[in-house]
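Take a look at the structure set out below.
The values are calculated or read from the model by the stated rules, or taken from the named source; none is laboratory data. Because the structure is a prediction, the values reported are computed rather than measured. We place every Cβ from the backbone using ideal geometry, glycine too, and count neighbours over all the protein chains shown. Accessible surface is based on the protein model in full, side chains and every heavy atom, while ligands, DNA and RNA are left aside. Shrake-Rupley method; radii C 1.70, N 1.55, O 1.52, S 1.80 Å.
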Amino acid sequence: MNTPQDVLRDVFGYHGFRGFQGEVIEHICTGGDAIVLMPTGGGKSLCYQIPALLRAGTGVVVSPLIALMQDQVDALAQLGIRAAFLNSTQTLAERTEVERAYRDGRLDLLYLSPERLSIPTTQALLQRGKVALFAIDEAHCVSQWGHDFRPEYLQLDMLASEWPGIPRVALTATATAATRTEIRERLRLDSARQFVASFNRPNIRYRITSKNSEESQLVNFIRDEHMGESGIVYTMTRKRSETLAERLRQQNITALAYHAGLSAQQRRTTQGRFLREDGIVVVATIAFGMGIDKPDVRFVAHVDLPKSIEGYYQETGRAGRDGEPADAWLTYGLADVVNMRSLIAGSPDERNQARLLDAMLALCETDGCRRVELLRYFGEDIAPCGNCDTCLEPPVVVDVTLAAQKLLSTVVRLEQREQRFGAGQIIDILRGHTTTRTQQWHHETLSTWGIGADLSDMQWRSVVRRLLAAGDLGIGPHDTLRVTASGWEVMRGNRDVRVRETVLARKAKTATAKPKPRPSDISDADPALFEALRAWRAETAKAGKIPAYVVFHDSTLREIAARRPSSLVELATVSGIGQTKLDRYGEAILAVVHPPTPTS
Ligand code: ADP
Ligand code: ZN
């Protein structure tokens, strides 16, 4: 009788479970329901894949990620696992073949979209075979208050009544306490055991900088720290994804745009290149990346402010799934805050969206450890991390209460004249900067005219940003500013305002590339052998029409290059080499490690 540990070793080639993987697997194998919360890259898939292999029948995986099903199934085939999918991209013949394989009990895993599962004929099909378990991936999609709501997920509650007694496991990398409750209620997982991993991703370095010229900031960041590496740049608009990609290409960075305005074919090609080739940077709107299981994405950059911490954490979580050092880099400025606030203003869901945005802004403006702030949002307390910008270069905090009061009273004085203006005009007034617009409105007659000449335009912008972030200023029609109730508290001197000094004093500081810590086994790896193994992998992947990392991860190749195994038995002890891959590639690898010496 196989144990979970046997399957982990023989099929996946791994030597130990991560965190509570083993417990989840036991629990599901004995028929229990589970809610599994693990960060991206934490190892959720094994939690249902191993029980699917151990229990009689087929594990049915519900996933919204149709575009990725082919790759997932290919990767499983590499491990000798019999997996298939049913979705709208298939021909009738292909579907019929998969359906037959399921009915005949020839599948370990079957991937379905929630739409497909809601079709009665699909349910009838599943009833005609044996379901080992249901895995509901990206389970946060059931949350109406979350950032990824999918109505089809609401129908998944029928699994409870249609398949009583079949274990169900819901998995997600996005979960505040509220989302967890929703998952439990809406999927009717009343008695499910909950497994919550730490959401910390220690290998990701978080950095949030203030924007001055985002394009060159981005170019410098990539050129100084990530040239030739894979990364994702997130932006809000289609047009900007095009222009930024073009700008990066001018700097010899292989960059491709990805957004909903491209044809399905173009998007597939871009995603395919990103997965298969090394060193591609995709400049994308949020449409890109959900569920992309590429382990060696070295950075995720945001050039626009994300709408929520959930979104930000999920997007940045796509970096460094392989556990090696990776960067999450965000640049934001006053305009982002104004745009987001006015985008939200008046929307039917305004209060909820404002709450999500406020948390995101608090993260940007904090003078404490970014990771502490992030994880607190997910209900976790940690000590300062030592691997974020504030930990590495502690910002000096400056009290700007007086400046804030000057600014707020200017807004109030204008309101008394029944005038409303945006940040630019108010800063001009404070700095005593005459323009045609200040002349037109006689703003030099205001009592606050010129009382803020000691601060630069840039410094004033950071004060406005801080006040907007804290909700002391609100946004009115046409991006005009108004003083809120909490802003009045500041004016009355009941509350202080502080900003990070990095913004005020060290303006336009150029990015300094920092040497990155690398796991120790890397230094032992023979670089020439590692490159030879990579070349072998590239050829093998190309021949098999699969992504290189599906053949082996970098970490596996590195371990081979360090240990130079000389037999199949020895090779089998390398992490990431299971039985099927050993059979398939073992001899070829040994030939790369110990090239046959030419005779004659
Ligand atoms: P998630 O779905 O949680 O984002 P995955 O299931 O894709 O994460 O796992 C992330 C990576 O970690 C994968 O490459 C997987 O093979 C690897 N992994 C998972 N569990 C283990 C383990 N116990 N030992 C070594 N590697 C693991
Ligand atoms: Zn930190």
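At pLDDT 90 or above and either within 16 Å of ligand 2 (Cβ to nearest atom) or crowded, with 22+ Cβ neighbours inside 10 Å (or both), is that true of Pro325?
yes
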From the option list Ala326, Ala362, Ala345, single residue qualifying as in contact (Cβ under 8 Å) with a residue 40 or more places away in the chain and within 30 Å of Asp554 (Cβ to Cβ) is Ala326
When every residue in the range 23-41 that is open to solvent by less than 20 Å² (accessible area, probe 1.4 Å) and over 25 Å from the mean Cα position of the chain (by Cα) is compared, the one farthest from ligand 1 (Cβ to nearest atom) is Gly32
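Conditions tested, residue by residue: (1) crowded, with 21+ Cβ neighbours inside 10 Å; (2) among the polar types (S, T, N, Q); (3) touching a strand residue (DSSP E or B) at 6+ places or on another chain (Cβ under 6 Å); (4) modelled with pLDDT of 95 or more.
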position: Gln49; (1), (2), (3), (4): yes, yes, no, yes
position: Gly59; (1), (2), (3), (4): yes, no, yes, yes
position: Leu68; (1), (2), (3), (4): no, no, no, no
position: Ala75; (1), (2), (3), (4): no, no, no, no
position: Arg82; (1), (2), (3), (4): no, no, no, yes
position: Arg100; (1), (2), (3), (4): no, no, no, yes
May I ask you to verify whether Arg116 is at pLDDT below 95, in contact with a helix residue (DSSP H, G or I) (Cβ under 7 Å, 6 or more places away or on another chain), among the basic types (Lys, Arg) and open to solvent by 10 Å² or more (accessible area, probe 1.4 Å)?
yes
Considering only helices (runs of 4 or more DSSP H) wholly within the range 76-166, the ones with at least 2 residues that are under 30 Å from Tyr312 (Cβ atoms) and assigned by TED's automatic domain parsing to the domain that holds Val11 are 114-118
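Any idea which of Pro348, Pro325 is over 18 Å from the mean Cα position of the chain (by Cα), more than 21 Å from Pro64 (Cβ to Cβ) and outside the structural domain of Ala538 (by TED's automatic domain parsing)?
Pro348
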Taking the range 263-298 and keeping only residues that are in a loop (DSSP other than H, G, I, E, B) and either open to solvent by less than 30 Å² (accessible area, probe 1.4 Å) or assigned by TED's automatic domain parsing to the domain that holds Ala173 (or both), one is left with Gly279, Ile280, Thr285, Phe288, Gly289, Gly291, Ile292, Lys294, Pro295, Asp296, Val297, Arg298
Note to self: Looking for something touching a residue at least 24 places away in the same chain (Cβ under 8 Å) and surrounded by 20 or more Cβ atoms within 10 Å (Cβ to Cβ) - is there at least one such residue anywhere in the range 411-420?
What the structure shows: yes
Flagged in the range 196-224 as more than 16 Å from ligand 2 (Cβ to nearest atom), surrounded by 19 or more Cβ atoms within 10 Å (Cβ to Cβ) and at pLDDT 95 or above, in numbering order, are Gln217, Leu218, Phe221, Ile222
Going through the range 569-600 in order, the residues found to be open to solvent by 60 Å² or more (accessible area, probe 1.4 Å) and either assigned to a helix (DSSP H, G or I) or charged (D, E, K, R) (or both) are Val569, Glu570, Gln579, Asp583, Arg584, Glu587
Note on Thr316: of the conditions (1) modelled with pLDDT of 90 or more; (2) over 24 Å from Ala178 (Cα atoms); (3) among the polar types (S, T, N, Q), unmet is (2)
Just one listed residue, out of Thr174, Thr181, is β-branched (Val, Ile, Thr) and without any contact (Cβ under 8 Å) to a residue 24 or more places away in the chain, and it is Thr181
Self-check item: Filter result for Leu375 (more than 14 Å from ligand 2 (Cβ to nearest atom), surrounded by 14 or more Cβ atoms within 10 Å (Cβ to Cβ) and either outside the structural domain of Asp496 (by TED's automatic domain parsing) or under 26 Å from Gly493 (Cβ atoms) (or both))
Solution: no
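Return the only residue of Asp399, Asp389, Asp367 being within 16 Å of ligand 2 (Cβ to nearest atom) and open to solvent by 60 Å² or more (accessible area, probe 1.4 Å).
Only one candidate qualifies: Asp367.
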When the range 224-240 is checked residue by residue, the ones that are under 11 Å from Val281 (Cβ atoms) and not in a loop (DSSP other than H, G, I, E, B) are Gly231, Ile232, Val233
Apart from one, (1) surrounded by fewer than 20 Cβ atoms within 10 Å (Cβ to Cβ); (2) away from ligand 1 (no atom under 16 Å from the Cβ); (3) more than 27 Å from the chain's Cα centre (by Cα) all hold for Ala132; the odd one out is (1)
**Prompt:** With respect to Leu467, is the statement that it is in contact with a Lys or Arg (Cβ under 8 Å, 6 or more places away or on another chain) and modelled with pLDDT of 85 or more true?
**Reply:** no
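Determine, yes or no, whether Gly320 is away from ligand 1 (no atom under 16 Å from the Cβ) and either surrounded by fewer than 20 Cβ atoms within 10 Å (Cβ to Cβ) or part of a loop (DSSP other than H, G, I, E, B) (or both).
Answer is no for this residue.
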Q.
One residue is enough: does the range 329-340 have a residue meeting the conditions open to solvent by 20 Å² or more (accessible area, probe 1.4 Å) and charged (D, E, K, R)?
A. no
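Which of the residues spanning the range 404-433 are closer than 11 Å to Gly452 by Cα and of a type in the set (Ser, Thr, Tyr)?
Correct list: Thr410 only.
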